1. Among A:Lys526/A:Lys673; A:Lys188/A:Lys399; A:Lys663/A:Lys694, which pairs are too far apart, with a Cα-Cα distance over 29 Å?
2. I want to check the label-to-label distance for A:Lys413 and A:Asn314. Put each point 7 Å from Cα in the C-beta direction and report it in nm to one decimal.
3. Using only helices, what value at 222 nm comes out for chain A when you add -39,500 (n - 2.57) per DSSP H run of length 4 or more and divide by the total residues, to the nearest 500 deg cm²/dmol?
4. Going by accessible area, probe 1.4 Å, with all protein chains left in place, what is the ranking of A:Asp668, A:Asp209, largest first?
5. Got a sec? Which residues in segment A:358-380 would a label at A:Asp390 touch, if it sits 7 Å along Cα→Cβ and we count backbone N under 18 Å?
6. Taking all protein chains together and a probe of 1.4 Å, list A:Lys600, A:Lys288 from the most accessible to the least accessible.
7. How high is the relative contact order of chain A, given as a whole-number percent (alpha carbon pairs under 8 Å, six or more residues apart)?
8. Over chain A, average the accessible area per residue using a 1.4 Å probe and give it in Å², no decimals.
Amino acid sequence: MLYEPQKIEPKWQRFWEENKLFRAEDFSKKPKKYILVEFPYPSGDGLHVGHARSYSALDAIARKKKMEGYNVLFPIGWDAFGLPTENYAIKTGIHPQKVTEENTANFKRQLKSLGLSFDWSREINTTDPKYYKWTQWIFLKLFEKGLAYQAEIPVNWCPSCKIGLANEEVVGGACERCGAVVEKRTLKQWMLKITAYADRLIEDLEKVDYLDKIKTQQINWIGKSYGTEIDFQVESSGKKIPVFTTRIDTIFSGTFIILAPEHQLVKEITTKEQKNAVEKYVKEAAQKGELERSELEKERTGVFTGAYAINPANNEKIPIWIADFVLAHYGTGAVFADAHDQRDFEMAKKYNIPLKVSLRPKNDDLWERVKNLKVCYPEEGILVNSAQFDGLTSAEARKKITTWLEKKGAGRKTVNYKLRDWVFSRQHYWGEPIPIIHCQKCGVVAVPEKELPVELPYVEKYQPTGTSESPLAVISDWVNVKCPGCGGRAKRETDTMPNWAGSNWYYMRYCDPENDKLIADSKKLKYWLPVDWYNGGFEHTTLHLLYSRFIYKFLYDIKVVPQPEPYQKRTSHGVVLAEDGRKMSKSFGNVINPDEIVNKYGADTLRVYEMFMGPFGETIAWSTQGVKGVYRFLEKVWRLFSQCIENKESSPQILRAVHKLNKKIDEDLEATKFNTAVAAFMEFVNLCQERKEKVGKGTLEHMLTLLYPLAPHISEELWRLLGQKESIAFQKWPKYNSKLIEEETITLVIQVNGKVRDKIEVEADISEEKARSLAISREKIKNRISDKEIKKVIFVPGKLINIVI
RNA sequence: GCCCGGGUGGUGGAAUGGUAUACACGCAAGACUUAAAAUCUUGUGAGCGCAAGCUCUUGAGGGUUCGACUCCCUCCCCGGGCACCA
């Protein structure tokens, strides 16, 4: 009998679906496991083999958990709002909704052909009004609590497409769509106050089991730093400039102040004499793109405002400058500058601004050069020229100077973050409308909850307007509404939400996908949440993963969800590159279509290959040869069946091997070491083949239950061919017999001075004395030792003996 | 520049203080075949040697240890993230 995956796979997929094998049961008495993979964006390119990597892995986990007796929820849906679909629709004239329907159908067909154990009865789609009603509801709650607000901020503007771009639409300073260089324009945008949750987003990482790499990246992204805020009085004016620093230990060498060009005090403090120069500089800085501004590392530029401030530490009068390397959006948009910062140092040298030193390095030669302002010394040191603080280390000085400034009322201990609030408006058609109404009298008014969802109007024209408004702005009968407050004339908000909006909370909806009264029933949320294991791409660590944690925490605060963290465990899979080591891309013509692999080798081969190709977390290039290797392995499994059908016991060696395999698979699957799990199966099959002996039915069944999570179709088929009436999915996950695994004999390694010189087969529990006399009696070892004195013997029971001479 | 990973045969990789190179690919030889494919068998880190065997080998150098791919220090290279962050 031949192994023909094309015949057996669709059969079992149909069987599993018709018998509702993978339906999750609300409130089951069994313990629950919520296994989640990131839901795909249904693009026109179809399923990527990278999706298949993540899904095959967690499918194996989900199937194993089910066998272990858990009530498993393993759902799937569609993250379908977004730009690629809108762009495609603009290009082809096919409505985005139609495009989405087609792409979704294609993705669904592809996912089903892989035989993944999703509970399709809970399928969701972010573009469904019944779904985005609740996306809008969350926005209203955020608005109610003051966490959604409007602000005038600079946005990326494409002068060619005449449209605002999100950061993710800007590639290397250029428009992703047309390639034009992006400018900055100030527009009124909706913002979400994620910064209010910065501390909790860091602290609560302690409560969850994420890969360390993921935790570190989130912590760095939030970028919490402790420091001091100091007030500099502007000379002969009531104004003060607050400045944030982490290096208050260098305050006594602060000889000038630098403001960001966008700093609000620039206009107010600039003197008449400097007005022209300052205005010119500010204008130039605004015109420079982000790219240009950060590229210009070589040459420092700046301009003097003409104004002076007082350094509160030593009451010295110091000049106030402007420079574009000072960022408006970090700290207070102003810094005090000194000889102990590379950038400040370079700028002072260029414009002949006086400098002095206040930190002494340990190295005397270096100190000589630092003292004479030959080099910048940005490290920590011992304080000098710092009045009563002389002689302290930088760390000590930071504490004492901060306390001293606090007493004088000129400064305070403070904390800063790199994390910024989240721009939540898009001037696009294909997204959730923001449920807000602008009334001339009442101002910004929330759409009443009972009027949700605010449906996206189905129109023929969804092209950009060319102004800085969304395409929705031109649909006058949709835009013009009565104010829910006063009944007067009002207009709808025409911006839509970014596609992170729908993916922020989607995993909650799987718990209760049909509910039209609530985001989800609270008892169901309590039963299923948190997600026990969530797998997705590393690239979502600082966007989707962080955003969705923030939204969940907010929902926890308003008592919608039961705990403060949504995901108990988070893992990430590595990217699958093309065979040539580059990214898979249509333009390179190197894309692997999963359909082709499934047609030629079957879903089981694709799934097992994706697990075998390399360590789960690493970036790996595709190898078609490697796929063939896995296919050969599955053929060997098939042959094992045709050779072993007779009803008898396996030999003790095979029996031991299958129990060892059991242990290995158990451990490797939990640790996401899928590649070595597959290797262990291969070793087992090779062993059976080498021994040329018929394997007993029981042993084969044992092996098939272990293989089932990774290669479900072939396992189910052979299981039935062995005469089983019930699906293999209902089998208990097998337990290994640890006594059977124990070996009676072992290979004892004999080392001389740490080098392997001989090996002997001995009983497993050999004593040290016996091992020693055996080792010394060996010819090879005798020759090595000859007349030399044995200094020491190290014996590792069951492993080795090392003779030191 | 900073923060995370990583560097092991011709290739993807295995081994987290105890037999380096599991497993797979590729390659070579043989069997089957009119032939090819598929399959099976054997071999396959490098060097020396007819052979038994010996020597070397985990990016480079040092250290700890009876013993280091594994731990520590210095450096080089590659991948990812952040980046004028005060």
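1. Values: A:Lys526/A:Lys673 31 Å; A:Lys188/A:Lys399 41 Å; A:Lys663/A:Lys694 23 Å.
Over 29 Å apart, Cα to Cα: A:Lys526/A:Lys673; A:Lys188/A:Lys399.
2. The two pseudo-label positions are separated by 2.7 nm.
3. Numbers: 28 runs with 302 residues, N = 805.
After summing the helix terms and dividing by the residues of chain A, the value is -11500 deg cm²/dmol.
4. Details: A:Asp668 10, A:Asp209 80 Å².
I get A:Asp209, A:Asp668, largest accessible area first.
5. Answer for segment A:358-380: A:358-362, A:367-368, A:371-372.
6. Values: A:Lys600 135, A:Lys288 45 Å².
Putting A:Lys600, A:Lys288 in descending order of accessible area: A:Lys600, A:Lys288.
7. Numbers: 1414 pairs, mean separation 116.1, N = 805.
Contact order relative to length: 14 percent.
8. Details: 37520 Å² over 805 residues.
Heavy-atom SASA per residue in chain A reads 47 Å².
The values are calculated or read from the model by the stated rules, or taken from the named source; none is laboratory data. Source: prediction; values computed, not measured. Cβ atoms come from the backbone with ideal geometry, glycine included; neighbour counts cover every protein chain shown. For the accessible areas, the whole protein counts, side chains as well, though only heavy atoms, and no ligand, DNA or RNA atoms are used. Shrake-Rupley method; radii C 1.70, N 1.55, O 1.52, S 1.80 Å.
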